[in-house]
Amino acid sequence: EILFNYGLQTNEELLFKYGIVLANNPIDSVTLALPSGQSIAIHRPEHGGIPSELWNLLKPGEHQELTKDAAWLRAELQNRLHALAASQPCDKHAHAAIPENARLSVIIYRQGLRDILQSALAELGRRLPGT
């Protein structure tokens, strides 16, 4: 029996390096490029969800108005989720030349991204009502 240990890696890293993914990968994340140019990773809720450094950027101002960054984050999460939703029919009817294991890996990868994005939108709505 031969065992491989790929270490702790997100599904994006596993997919692009080795062509594999893990269903419900606990350390999976979605990386966003902020308008400031900084990149930040949003994780599954059980591993922190939206990180505190991003929440600090989203705090409402003196008049408790939502910041433009909070509106941007909501729109960015929704746009990514809509793009993934548009890919679902392709997942089901992939070209016959694509091997089954590759097609399933992409489906699992995309579902993980959808799960993270949906959780982040729910968290954003709970913590900053009105977004």
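The values are calculated or read from the model by the stated rules, or taken from the named source; none is laboratory data. This structure is a prediction, so every number in the text was calculated from the model and none was measured. Cβ atoms come from the backbone with ideal geometry, glycine included; neighbour counts cover every protein chain shown. When the accessible area is computed, the model is the full protein with side chains, heavy atoms only, and any ligands, DNA or RNA have been set aside. Shrake-Rupley method; radii C 1.70, N 1.55, O 1.52, S 1.80 Å.
Counting only heavy atoms of the protein chains and using a 1.4 Å probe, residue 104 has close to 80 Å² of accessible surface. Taking 0.36 nm per residue of separation and subtracting the Cα-Cα distance, full extension of the segment from residue 34 to residue 79 would add 14.8 nm. Annotation: amide H-H contacts under 5 Å for residue 42 (H modelled 1.01 Å from N, sequence separation of 5 or more, or interchain): 30, 31, 32. For the chain, adding -39500 (n - 2.57) for each run of n ≥ 4 DSSP H residues and dividing by the number of residues yields -17500 deg cm²/dmol at 222 nm. Label-to-label distance, residue 103 versus residue 86, with points set 7 angstrom from Cα along the beta-carbon direction: 2.2 nm. In a reduced charge model with +1 at each Lys and Arg Cβ and -1 at each Asp and Glu Cβ, the chain shows a dipole moment near 280 debye about its Cα centre.
Under the simplified labelling scheme, the residue 127-residue 69 pair shows an inter-label distance of 1.2 nm, with each label point 7 Å from Cα along Cα→Cβ.
State the percentage of accessible surface on the chain attributable to carbon and sulfur atoms; use a 1.4 Å probe and exclude ligands, DNA and RNA. Summing carbon and sulfur atoms, their accessible area is 55 percent of the total for the chain.
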